[in-house]
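One structure is given here, and the rest of the page talks about it.
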Amino acid sequence: MADETTRGRLSDTSTVGLIGDAFSQIIALFRGELDLARAEVQENLKRAVIAIGLLVAAVVLFLVALNVLAAALVQGIAELDINAGWAALIVGGAFLIIGGIMALTGKNKLTSTSLAPTRTVKNVQRDVQATKETTHDR
């Protein structure tokens, strides 16, 4: 009789211990995934900062190029007996094309999908699936 009571307590204790261990492992797993997500977001933010830097550089190039080089080229073209207005249009168009390419490159690097922690989302989905499979097997 005492053996049955002791055995019952041991099985209750081991069941509670197993459940506690399982919860501890699940909590540790999700903390690890949270740390991974944090690191991935920081990595993606660094890329975003670089992309913003490209956009700022493109704006600066627009302004400097349109003011300095445009004036110099307009003057050079005007000396070839081409109207100064046409010379200014040619030069301005060329610099707009170059700046547009830079701006599009920066914008493409700033897409919202590139900022999302995709590896972490996949890992969490895998962990949830594994946890479901483990709990349904018992």
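Number of residues in the stretch 83-103 that are more than 27 Å from Ala51 (Cα to Cα) and either in a helix (DSSP H, G or I) or among the aliphatic types (A, V, I, L, M) (or both) equals 7. Being small (Gly, Ala, Ser) and under 16 Å from Pro117 (Cα atoms): is that true of Ala71 here? Answer is no for this residue. When we screen Leu104, Leu80, Leu54, Leu69 for residues that are modelled with pLDDT under 85 and farther than 30 Å from Leu18 by Cβ, the only hit is Leu69. Looking only at residues of the stretch 114-129 that are modelled with pLDDT of 75 or more and loosely packed, with under 15 Cβ neighbours inside 10 Å, we find that the one that is farthest from Ala51 (Cα to Cα) is Gln129.
Residues in the stretch 64-82 that are surrounded by fewer than 16 Cβ atoms within 10 Å (Cβ to Cβ) and closer than 15 Å to Ile97 by Cα: Val64, Leu69.
Condition check: in a helix (DSSP H, G or I), surrounded by 11 or more Cβ atoms within 10 Å (Cβ to Cβ) and hydrophobic (A, V, I, L, M, F, W, C). Does Ile27 satisfy that? Judged against the criteria, Ile27 is not a match. Candidates in the stretch 83-110 are the residues that are touching a residue at least 24 places away in the same chain (Cβ under 8 Å), among the aliphatic types (A, V, I, L, M) and surrounded by 15 or more Cβ atoms within 10 Å (Cβ to Cβ); of these, the one that is farthest from Ala57 (Cα to Cα) is Leu110.
Can you tell me which residue among Ala51, Ala57, Ala70 is in a helix (DSSP H, G or I), of a type in the set (A, V, I, L, M, F, W, C) and in contact with a Leu (Cβ under 7 Å, 6 or more places away or on another chain)? Lay out the reasoning, then the answer.
Values: Ala57 fails: in contact with a Leu (Cβ under 7 Å, 6 or more places away or on another chain); Ala70 fails: in contact with a Leu (Cβ under 7 Å, 6 or more places away or on another chain).
So the residue among Ala51, Ala57, Ala70 that is in a helix (DSSP H, G or I), of a type in the set (A, V, I, L, M, F, W, C) and in contact with a Leu (Cβ under 7 Å, 6 or more places away or on another chain) is Ala51.
Of all residues in the stretch 73-82, those satisfying the criterion of being assigned to a helix (DSSP H, G or I) and more than 21 Å from Val59 (Cβ to Cβ) are Val74, Gln75, Gly76, Ile77, Ala78.
The values are calculated or read from the model by the stated rules, or taken from the named source; none is laboratory data. Just so you know, these numbers come straight off a predicted model, no measurement behind them. Ideal geometry is used to build each Cβ from the backbone, glycine not excepted, and the neighbour counts take in all protein chains shown.
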